[in-house]
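See structure below.
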Amino acid sequence: VHVIFDGDEGTIGWTSTRRLVHVQFSAGGQTADDVIRLLARTVPETQALVVVTSDRELANSVRPLGANIIDSQQFLDTVNR
């Protein structure tokens with residue numbers, strides 16, 4: 001699981017991995033959406049890719065890369081069951 005947040009000038013692409021969760025902040029001049037798009041391009045077609053976002057532009061840009069999209073609220077509803 002990769003969790004990507006928008007960083008700011010102070011984070012400079014900070015990243016941390018703990019067990020199966022990888023947390024990352026985008027570097028200066030880069031958005032979390034940019035990082036997600038880059039990561040999506042690296043996932044082999046044979047591997048499942050799920051992107052949780054309510055951002056229509058991001059969803060439309062990663063869907064052609066094979067991503068399955070889950071709306072943020074749908075994701076929250078699922079994990080809170």
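Within the accessible area of the chain, the carbon and sulfur atoms contribute 53%, probe 1.4 Å, all protein chains present. Calculated over the chain, the projected area of the Cα convex hull averaged across directions stands at 6.0 nm².
Dividing the summed -39500 (n - 2.57) terms of all DSSP H runs of n ≥ 4 by the residue count of the chain sets its mean residue ellipticity at 222 nm at -9000 deg cm²/dmol. Residues whose amide H lies under 5 Å from that of His22, counting only those 5 or more places away or on a different chain, are His2, Val3; hydrogens are built 1.01 Å from N in the peptide plane. Taking θ as phi - 60° and the Karplus parameters 6.51, -1.76 and 1.60, the scalar couplings of segment 49-56 work out to 10, 10, 10, 9, 7, 10, 7, 4 Hz in sequence order, x denoting glycine and proline. Probing with 1.4 Å while keeping every protein chain in the model, the per residue accessible area of the chain equals 75 Å².
The values are calculated or read from the model by the stated rules, or taken from the named source; none is laboratory data. All of these numbers come straight from a predicted model, not from anything done at the bench. SASA here: full protein model, heavy atoms, side chains in, ligands and nucleic acids out. Shrake-Rupley method; radii C 1.70, N 1.55, O 1.52, S 1.80 Å.
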